[in-house]
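Following this message is one structure expressed as structure tokens.
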Amino acid sequence: MSDILKAYDAPVNPNIPSLRTGDMVSVHVKIKEGNRERIQEFKGVVLYQHNSGNDSTFTVRRVASNGIGVERTFLLRSPRIEAVALGAMQSPGEPVCEVQRRVAAIVLAAGESARMGGQPKP
């Protein structure tokens with residue numbers, strides 16, 4: 001039975017490097033509009049990565065120009081992903097659970113608590 005399932009596995013996308021929670025990434029995705037195709041860039045922080053074979057996904061979060069957070073989930077094996085460029089990465093010795101805790105705190109923060117520590121208060 002498993003041999004039959006392996007025959008239907010999607011091929012691994014070579015354009016996606018190894019990702020970790022907390023990495024800054026720029027995902028280039030093919031978008032089809034009418035009869036033409038273009039590439040759209042989505043820059044943000046990797047929030048989650050779910051590894052489950054064919055259905056493996058990673059979620060990227062960015063803050064839009066109006067201050068609203070936007071999260072987008074991508075399939076790791078999707079042929080629609082043209083490239084993933086890594087930006088700043090988490091510290092090598094820092095555990096993943098610590099990065100997820102920090103990212104979740106930033107995502108859930110609102111009002112004055114959403115300010116970063118280095119910014120002066122008015």
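Take the residues of segment 64-88 that are surrounded by 14 or more Cβ atoms within 10 Å (Cβ to Cβ) and of a type in the set (A, V, I, L, M, F, W, C): which is farthest from L19 (Cα to Cα)?
Across segment 64-88, the extreme among qualifying residues is I81.
Quickly run through segment 43-70 and pick out the residues that are more than 29 Å from Y8 (Cα to Cα) and either part of a strand (DSSP E or B) or in contact with a Cys (Cβ under 7 Å, 6 or more places away or on another chain) (or both).
Of everything in segment 43-70, those that are more than 29 Å from Y8 (Cα to Cα) and either part of a strand (DSSP E or B) or in contact with a Cys (Cβ under 7 Å, 6 or more places away or on another chain) (or both) turn out to be K43, G44, V45, R61, R62, V63, G69, V70.
Give all pairs with beta carbons closer than 7 Å in which a residue from segment 31-58 that is more than 15 Å from I81 (Cβ to Cβ) meets a residue that is of a type in the set (S, T, Y) and surrounded by fewer than 16 Cβ atoms within 10 Å (Cβ to Cβ); count only pairs at least 6 apart in sequence or on separate chains.
Within 7 Å, the pairs are H50/T57.
Laboratory data are not the source of any read-out in this text; all were calculated from the coordinates shown. These numbers come from a predicted model, not from an experiment. Here Cβ is always computed from backbone atoms with ideal geometry, including for glycine, and neighbour counts include all displayed protein chains.
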